[in-house]
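The values are calculated or read from the model by the stated rules, or taken from the named source; none is laboratory data. The model shown is predicted, which means the values in this text are computed figures rather than measured ones. Here Cβ is always computed from backbone atoms with ideal geometry, including for glycine, and neighbour counts include all displayed protein chains.
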Amino acid sequence: MSPLPRDGNDPDHSDARDDDALLGSDNDIEEASKLVRGEPGIWVWLLVVSAGISGLLFGYDTAIISSALLQLANPPESSPIPALTVAQQSLVTSITSVSALISSLCSGPVSEYGRKKAIFAAAVVFILGAVWQSWAQSVQGLVIGRFIVGLGVGAGSAVVPMYITELSPAHLRSRLNTLNTVFITLGQIVAYLIGYWYSRTPFGWRPMFLLGGVPAAVQIGLLFFLPESPRWLVQHGYVENATSVLARVYGIDQEQSNVADRRMLSHLVRSIERGVRNETELASTSAKWKNLFGKRSNRRALLISGGLQGFQQLCGFNALMYFSSLIYAMLDFKNPTLTSLSVAATNFTFTLVSLVLIPRVGKRRLLLYSVPLMAVGLLVAAYGFNNLPTQQISTAQKENSATDAEPAGASSFYAYVILFSTTFYVASYASGIGNVPWQQAEFFPMSVRSLGTAIATACNWSSNFIIGETFLGLMDKMGAVATFVLFAIICAAGWVGIYVIYPDTEGMNLEEIEALLSR
Ligand SMILES: O[C@H]1[C@H](O)[C@@H](O)[C@H](O)[C@@H](O)[C@H]1O
């Protein structure tokens, strides 16, 4: 595509027709948006921060369970909820992934009523789930509360990246999406800190769960100031509103703007209109399914994005995120909740590192370098478990509960080997696979984007469920060795998969990516 004129001449009719000829496909939005001259102001960042609160909630609600379980497994005598068995702990953890799976699949139709409305609905559900969990008087109540909160997590995880993708300027899209993962990992740190704060309070799990509702309430307030996605506005005939949202996103003052900026803006709107028109041709769900599975490039897009999302979970990271407090309690660390903060802090720090590395190194290379390091960390951890004094892990299994108030004995050398190797594993995870799968939208053309990303996101939550449900039951000494070796094998298989099917898309526009996938 040849560049559009950047001079200040007023466009005449024939120019507009030429532009129409130039702008004819999905990547037009990308191309046109690159040509808008205004710099995105603080406004666009604010917008992403407000939307990113969903990421924060996602992170908070998935990580708070780590500290809450420690208390729920060893409740005070007066507790209406008896000590949770290992099976109940697994259920309370993994039920969130089941509801997240359901709501991520349903998020497509809901977001058709407006991205903002879907984010609003997710925030309301978060608050409801937080209150329900914190008031639970029985295991069933707890399970229902976790189920409700999972509905919010799943909807947020699917809609927010789409909202950010549709709203952000093309050249910032990748970075702004990574920022969403930064929010998830930040939410996980906050959860660990709050978990630590309440770990000595009897029934501290109640405020732990309840506080998850606070950012959701803040988000509801902020949503009043957020614009609707320009793509949704165009789709529903609000072209003027879409134009003024785009002007704000691109830092263009419509009153004062010069002709060139105005022209670029109208290019942008027209290219969105064209994209939307293409999509309406595929309006029926069955036509979308047919297109998704019938077209080679879309099939490959699905294989890559779904495979990557599945691998992100099956490599075992969330076993640490959910159960690290229990694992470190088993290893006799005096302060398991605080020790497990290392998982969340490393995850957050290295997600920031990947924010810097992705544009420089490229996603494919980053994955190919970081996945083998994950395998090394896992194998060293397996070695550590294998050499633990037998009574160390079996005692912990029995109690399953050393609280911060009742410090256990000194940790052995091998417990530190496990701590350092898992931290190393987490750092390698967060630099690549913890983050890259969420950039999946670029593989799908607009016509099947919401369907494709919903299915890929469902691959994430279903694999997450498998890990949440099975890991804890395997945690005796030899089970730990076998599980960590299995995770390392999955990393090796994942590396081969990435090497074979994951393309280097750095610097490509969406059309080039589609052409690459069709080959
Ligand atoms: O990208 C995120 C991030 O890596 C989180 O730390 C993890 O808990 C999620 O499961 C994952 O999807």
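Could you check how many residues of the range 179-212 are away from the ligand (no atom under 16 Å from the Cβ) and either crowded, with 24+ Cβ neighbours inside 10 Å or in a loop (DSSP other than H, G, I, E, B) (or both)?
Of the residues in that region, 11 qualify.
I'd like to verify a number: residues in the range 86-111 that are crowded, with 16+ Cβ neighbours inside 10 Å and either of a type in the set (S, T, N, Q) or free of Cβ contacts under 8 Å to residues at least 40 places away in the same chain (or both), how many?
Adding up the residues that qualify gives 12.
Condition first: assigned to a helix (DSSP H, G or I), within 13 Å of the ligand (Cβ to nearest atom), within 12 Å of residue 313 (Cβ to Cβ) and under 17 Å from the mean Cα position of the chain (by Cα). Can you find one or more residues in the range 426-433 that meet it?
Yes, the range 426-433 contains a residue that is assigned to a helix (DSSP H, G or I), within 13 Å of the ligand (Cβ to nearest atom), within 12 Å of residue 313 (Cβ to Cβ) and under 17 Å from the mean Cα position of the chain (by Cα).
Those residues that are surrounded by 24 or more Cβ atoms within 10 Å (Cβ to Cβ), within 19 Å of the chain's Cα centre (by Cα) and not aliphatic (A, V, I, L, M), I need them from the range 112-137; list them, please.
Listed by number, the residues that qualify are 115, 126.
Determine whether the range 251-267 contains at least one residue that is in contact with a Cys (Cβ under 8 Å, 6 or more places away or on another chain) and either among the charged types (D, E, K, R) or not in a helix (DSSP H, G or I) (or both).
Within the range 251-267, none of the residues are in contact with a Cys (Cβ under 8 Å, 6 or more places away or on another chain) and either among the charged types (D, E, K, R) or not in a helix (DSSP H, G or I) (or both).
Considering (1) part of a helix (DSSP H, G or I); (2) surrounded by fewer than 23 Cβ atoms within 10 Å (Cβ to Cβ); (3) in contact (Cβ under 8 Å) with a residue 60 or more places away in the chain, say which one residue 371 fails and leave the rest.
Of the numbered conditions (1) part of a helix (DSSP H, G or I); (2) surrounded by fewer than 23 Cβ atoms within 10 Å (Cβ to Cβ); (3) in contact (Cβ under 8 Å) with a residue 60 or more places away in the chain, the odd one out for residue 371 is (2).
Assuming residue 242 fulfils every condition listed in (1) assigned to a helix (DSSP H, G or I); (2) assigned by TED's automatic domain parsing to the domain that holds residue 495; (3) more than 16 Å from the ligand (Cβ to nearest atom); (4) modelled with pLDDT of 85 or more apart from one, which condition is it?
Evaluating residue 242 over (1) assigned to a helix (DSSP H, G or I); (2) assigned by TED's automatic domain parsing to the domain that holds residue 495; (3) more than 16 Å from the ligand (Cβ to nearest atom); (4) modelled with pLDDT of 85 or more leaves (2) as the failure.
For the range 437-447, name all the residues that are buried (at least 24 other Cβ atoms within 10 Å of the Cβ) and part of a helix (DSSP H, G or I).
Those that are buried (at least 24 other Cβ atoms within 10 Å of the Cβ) and part of a helix (DSSP H, G or I): 437, 438, 440, 443.
So which of 489, 466 ends up being within 30 Å of residue 415 (Cβ to Cβ), over 21 Å from the mean Cα position of the chain (by Cα) and assigned by TED's automatic domain parsing to the domain that holds residue 315?
Of 489, 466, the one residue that is within 30 Å of residue 415 (Cβ to Cβ), over 21 Å from the mean Cα position of the chain (by Cα) and assigned by TED's automatic domain parsing to the domain that holds residue 315 is 489.
In the set 163, 113, 192, which member is in the same structural domain as residue 49 (by TED's automatic domain parsing) and more than 28 Å from residue 271 (Cβ to Cβ)?
Exactly one of 163, 113, 192 is in the same structural domain as residue 49 (by TED's automatic domain parsing) and more than 28 Å from residue 271 (Cβ to Cβ), namely 192.
Out of contact with any His (no Cβ under 8 Å at 6 or more places or on another chain), under 27 Å from residue 296 (Cα atoms) and charged (D, E, K, R): which single residue out of 476, 504 fits that description?
Going through 476, 504 in turn, just one is out of contact with any His (no Cβ under 8 Å at 6 or more places or on another chain), under 27 Å from residue 296 (Cα atoms) and charged (D, E, K, R): 504.
How many residues are modelled with pLDDT of 80 or more, crowded, with 22+ Cβ neighbours inside 10 Å and not assigned by TED's automatic domain parsing to the domain that holds residue 438 if we restrict to the range 270-317?
Qualifying residue count for the region: 1.
Out of (1) under 16 Å from residue 437 (Cβ atoms); (2) surrounded by 18 or more Cβ atoms within 10 Å (Cβ to Cβ), what's the single condition that is false for residue 471?
Residue 471 satisfies every listed condition except (1).
Residue-by-condition table, conditions (1) modelled with pLDDT under 90; (2) touching a Gly at 6+ places or on another chain (Cβ under 8 Å):
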residue: 328; (1), (2): yes, no
residue: 338; (1), (2): yes, no
residue: 365; (1), (2): no, no
residue: 369; (1), (2): no, yes
residue: 375; (1), (2): no, no
residue: 396; (1), (2): yes, no
residue: 400; (1), (2): yes, no
residue: 405; (1), (2): yes, no
residue: 411; (1), (2): yes, no
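Under 9 Å by Cβ, and 6 or more places apart or on different chains, what pairs join a residue from the range 426-452 that is outside the structural domain of residue 106 (by TED's automatic domain parsing) and farther than 30 Å from residue 381 by Cβ with one that is among the hydroxyl-bearing types (Ser, Thr, Tyr) and in a loop (DSSP other than H, G, I, E, B)?
442/505; 443/505; 445/25
Which members of the range 216-232 meet the condition of being touching a residue at least 12 places away in the same chain (Cβ under 8 Å) and either surrounded by fewer than 21 Cβ atoms within 10 Å (Cβ to Cβ) or out of contact with any Gly (no Cβ under 9 Å at 6 or more places or on another chain) (or both)?
217, 218, 219, 220, 222, 223, 225, 226, 227, 228, 230
Would a scan of the range 4-26 turn up a residue that is surrounded by fewer than 22 Cβ atoms within 10 Å (Cβ to Cβ), over 30 Å from residue 155 (Cα atoms), at pLDDT 90 or above and not polar (S, T, N, Q)?
The answer is no, given that none of the residues of the range 4-26 is surrounded by fewer than 22 Cβ atoms within 10 Å (Cβ to Cβ), over 30 Å from residue 155 (Cα atoms), at pLDDT 90 or above and not polar (S, T, N, Q).
Of all residues in the range 54-85 being of a type in the set (Val, Ile, Thr) and either assigned to a loop (DSSP other than H, G, I, E, B) or away from the ligand (no atom under 16 Å from the Cβ) (or both), which is surrounded by the fewest Cβ atoms within 10 Å (Cβ to Cβ)?
85
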